[in-house]
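Q: Mind looking over this structure? Questions follow.
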Number of protein chains: 2
Amino acid sequence: MPVTKGSTLDPARTRATILEAATVLLYARGLDGVGVAELCSSVGVSKETLYRHFGTKDGLVREVLEARSERVSRWLADAASAAGDDPAAQLAAVFDALQQWYYEPVFRGCAMVNAAAQHHVEAVRSITGRHLDRHLELLTGIATRAGAADPDALGRQLLMLVEGATIVAEHRGAASTDGHARRAALTLLAAATTDVSADGRTTPP
Amino acid sequence: MPVTKGSTLDPARTRATILEAATVLLYARGLDGVGVAELCSSVGVSKETLYRHFGTKDGLVREVLEARSERVSRWLADAASAAGDDPAAQLAAVFDALQQWYYEPVFRGCAMVNAAAQHHVEAVRSITGRHLDRHLELLTGIATRAGAADPDALGRQLLMLVEGATIVAEHRGAASTDGHARRAALTLLAAATTDVSADGRTTPP
DNA sequence: CCAAGTACGAACCGATCGGTTCGATCTGGG
DNA sequence: CCCAGATCGAACCGATCGGTTCGTACTTGG
């Protein structure tokens, strides 16, 4: 049997195609901004096919968000690990990656946060919660490796900065956060790894 | 003529009543989560009356958001000025007020940010933009009075913290930001008012 | 080659929603 | 006391939307 089938009539491929197109459209125009009919005609798929694969529009939305959340988290984690072993460099890389995203013309804020604001269904909002948890995990990891006195506290501070930068960039433009978010993150990191008990000098190795 | 008429058949009073009820309902359930019919029956008003006062649902939404934005901005500014003349104390007061808000059971995030995520109409999104500008103005003012080297930069950093804390508190609970947002803000303030050119010692008056 | 499954496309359905209209009712100013 | 204007309540309208169904056609594994 063939390993992959690229032709039509391949359920998995059809499903993936719908998922991709829905990811783009729903992000650009909002969950309620695009109907199932338009979504189908945009992909070149019949309603029956879409409903056989995803059961309901909410089911499609959930899968789209789930996949996107994992993709975004992996993207940020990769950006961090690609920056080497220095936690400060990793943190800077995370905010550099975010800032680059903000400048993309299709940037419309965090899809999961936007979705939660639109869709008051718990099944959707829980995805947003897990999304933030993934971010928190990454940031707390960096804080821990940086030797922060309270890595959990620093992680939460950095999470607020990430989400806040995204919101501000969405509504006031990418230039509004350029440099500022990164600098704030490094400032918080430095402060959390500074021995405040004695004088005002840092305590690197 | 009487100065105020409290009875029925007072257009201004009717209008205000609709506005109040709409503010609560639209915030709690989302702009698209409550229809005009339910809104009317909830206030005890006919559709004709609502449409005579606000023209369209969007018109009502815009007025609701405009009023709420001003109310919120005034509330934060008052919290700051009530904290005395010390900029650091004012900043702490702002984040204390926010944190108190996060703990309120009706807290559902920033109404303006949520509205922008739901309603892709420019007339609504611009209100969110102005809302953030008002916050930025307050925070930049504190940064300036604190003698920050770059008050504009610090203001933007603090704005990200405010919006980020609101998002995180909305999705992960008020306890998730309690103390952390305030401490981060004060850390950024301290760092921005510290003379970094020489050694690592602060330079207060 | 054939049966099973995939897919199309179009029609269809019920519900909801924003907005309009209209006759009846009530209030207050002149 | 009476008319203008505010309000009600309910019916009504057109559009949209999520979801279902069906007849047809095509691909493919056995």
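The values are calculated or read from the model by the stated rules, or taken from the named source; none is laboratory data. The shown structure was predicted, so the numbers you read here are calculated from the model rather than taken from an experiment. As a convention, Cβ positions derive from the backbone with ideal geometry for all residues, glycine included, and neighbour counts pool all protein chains shown. Ligands, DNA and RNA are excluded from the accessible area calculation, which covers all protein heavy atoms including side chains. Shrake-Rupley method; radii C 1.70, N 1.55, O 1.52, S 1.80 Å.
Q: What is the local net charge at A:Ala82, summed over the other residues whose Cβ is closer than 13 Å to its Cβ (Lys, Arg +1; Asp, Glu -1)? Present the calculation step by step, with values, prior to reporting the outcome.
A: Values: positive: A:Arg74; negative: A:Asp78, A:Asp85, A:Asp86, A:Asp96.
The answer is -3.
Q: Computed on alpha carbon atoms, what radius of gyration and Dmax characterise segment A:63-192, expressed in Å?
A: Here Rg and the maximum Cα pair distance are 14.3, 41 Å.
Q: OK, next. Extent of the protein assembly as shown along each principal axis, from alpha carbon coordinates, in Å, largest to smallest?
A: Principal axes ranked by extent give 91, 66, 32 Å for the Cα atoms.
Q: B:Ala67 versus A:Ala88, label points 7 Å from Cα toward the beta carbon: distance in nm?
A: A separation of 5.1 nm, rounded to one decimal place.
Q: What does the charge add up to near A:Val124, with Lys and Arg as +1, Asp and Glu as -1, over the other residues with Cβ less than 13 Å from its Cβ?
A: 0
Q: Follow-up. Is any residue of segment B:160-197 close enough, with backbone N under 14 Å, to a label point placed 7 angstrom from the Cα of B:Arg108 along the Cα-Cβ axis, and if so, which?
A: B:170-171
Q: If I compute solvent accessible area with a 1.4 Å probe over the protein chains, what percent of it on chain A is carbon and sulfur?
A: Numbers: 5260 of 9720 Å².
Using a 1.4 Å probe with all protein chains present, chain A comes out at 54 percent carbon and sulfur.
Q: Which three numbers, in whole Å and largest first, are the semi-axes of the equivalent ellipsoid of segment A:13-136 derived from its Cα gyration tensor as √(5λ)?
A: 30, 15, 13
Q: Evaluate the distance, in nm, between pseudo-label points positioned 7 Å from the Cα of A:Asp96 and of A:Tyr51 along their respective Cα→Cβ axes.
A: 5.0 nm
Q: Would you mind getting me the FRET efficiency between A:Arg29 and B:Ala175? Use the beta-carbon distance for r and R0 = 41 Å, nearest 0.05.
A: The formula returns an efficiency of 0.70 here.
Q: Ranking request for peptides A:17-25, B:100-108: highest mean number of other beta-carbon atoms within 10 Å first, then the rest in descending order. Walk me through the intermediate numbers first.
A: Details: A:17-25: 17.2, B:100-108: 12.8.
The packing order, highest mean first, is A:17-25, B:100-108.
Q: Helix-derived [θ] at 222 nm for chain B: sum -39500 (n - 2.57) over DSSP H runs of at least 4, divide by residue count, nearest 500? List each step's numbers first, then the result.
A: On the way: 9 runs with 144 residues, N = 205.
Computed ellipticity for chain B at 222 nm equals -23500 deg cm²/dmol.
Q: Toward the positive end of the charge dipole of segment B:61-192, about the Cα centre and with charges on Cβ (Lys, Arg +1; Asp, Glu -1), which of B:Ala192, B:Val94, B:Cys110 goes farthest?
A: After comparing all options, I get B:Cys110.
Q: For every other residue with a beta carbon closer than 14 angstrom to the beta carbon of A:Lys47, add +1 if it is Lys or Arg and -1 if Asp or Glu, then tell me the sum.
A: Neighbourhood net charge equals 0.
Q: When the gyration tensor of segment A:10-55 is built from Cα positions, what are the square roots of 5 times its three eigenvalues, in whole Å, from largest to smallest?
A: 17, 11, 8
Q: Now a separate question. Probe 1.4 Å, all protein chains in place: accessible area of B:Ser126 in Å², nearest 10?
A: It works out to around 40 Å².
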